[in-house]
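Encoded as structure tokens, the structure appears first; notes follow it.
The values are calculated or read from the model by the stated rules, or taken from the named source; none is laboratory data. Because the structure is predicted, anything quoted here is derived from the model rather than measured. Cβ atoms come from the backbone with ideal geometry, glycine included; neighbour counts cover every protein chain shown. These accessible areas exclude ligands, DNA and RNA; they are computed on the full protein's heavy atoms, side chains included. Shrake-Rupley method; radii C 1.70, N 1.55, O 1.52, S 1.80 Å.
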Amino acid sequence: MKDELEAICKEVRNCTRCALAGTRTQALCGEGDPSSGVMLVAQAPGEREDEEGRMFVGPSGGVLNEVFARIGVNRGKIYMTNLVKCMLPGYRRPRQQEIAECSRYLEKEMEVVNPKLLVPLGFYAIRYLFNRFGLHLPPKAEFSSLYGRVFHVQGRVILPLRHPTAALYNKSVLPQMVDTYRGIKTFLEGGL
Ligand code: SF4
């Protein structure tokens with residue numbers, strides 16, 4: 001598995017399939033433990049991640065670390081990756097064409113890692129995986145009703161969660177985030 005992920009990583013680092021190659025410092029590979037059975041799918045690297053070449057090292061990473069500390073999950077013990085592997089300039093939304101080009105890498109990672117639990121974070125990652133696995137997406141106004149719910153599909157479990165960035169803009173969502181993120185801990189303990 002390690003060699004296959006390294007091969008994907010090499011492709012990602014050299015990729016110029018979309019315009020984001022022109023504005024990134026570096027494309028980010030997945031990281032963490034691919035044998036955990038858990039794959040977290042975030043949206044895209046931020047500025048700090050782009051500089052340092054690691055996932056969740058900026059302000060969103062601070063939120064993620066806090067949530068994980070509260071639920072007792074070690075981020076090194078799960079596998080984490082992004083839907084879009086290069087930074088989005090000015091924190092803009094990913095474009096459909098960028099997702100279409102870049103999702104080939106997520107697909108390869110899913111094939112190699114074969115996670116039992118998929119955890120998409122935020123709208124774009126959730127939309128991608130719901131479409132991918134034929135799950136019904138609610139209207140945007142009801143989207144937050146998905147957070148923390150458990151979906152069983154094609155032998156996998158999908159646990160959509162709010163992206164940590166949300167708590168940077170609105171601290172009041174943090175307690176609910178902690179509650180819904182507990183699903184990861186429950187899975188790791190064999191109970192989801
Ligand atoms: S975002 Fe994805 S498809 Fe676009 S250049 Fe980066 S790695 Fe390639």
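Some values worked out for this structure:
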{"item": "Residue list for region 2-52, filter: among the charged types (D, E, K, R) and within 16 Å of the ligand (Cβ to nearest atom)", "result": "GLU6, LYS10, GLU11, ARG13, ARG17, ARG24, GLU31, GLU47, GLU49, ASP50, GLU51"}
{"item": "Filter pass, GLY58 being over 26 Å from VAL157 (Cα atoms) and more than 15 Å from the ligand (Cβ to nearest atom)", "result": "yes"}
{"item": "Positions within region 33-63 being of a type in the set (Ser, Thr, Tyr) and open to solvent by less than 40 Å² (accessible area, probe 1.4 Å), in sequence order", "result": "SER36, SER60"}
{"item": "Region 64-95, subset part of a helix (DSSP H, G or I) and in contact with a Ser or Thr (Cβ under 6 Å, 6 or more places away or on another chain), residue least open to solvent (accessible area, probe 1.4 Å)", "result": "PRO89"}
{"item": "Residue identified as away from the ligand (no atom under 16 Å from the Cβ) and within 25 Å of MET1 (Cβ to Cβ) among LYS85, LYS116", "result": "LYS116"}
{"item": "Sole exception among (1) on the phi > 0 side of the Ramachandran plot; (2) open to solvent by less than 50 Å² (accessible area, probe 1.4 Å) for GLY30, by number", "result": "(1)"}
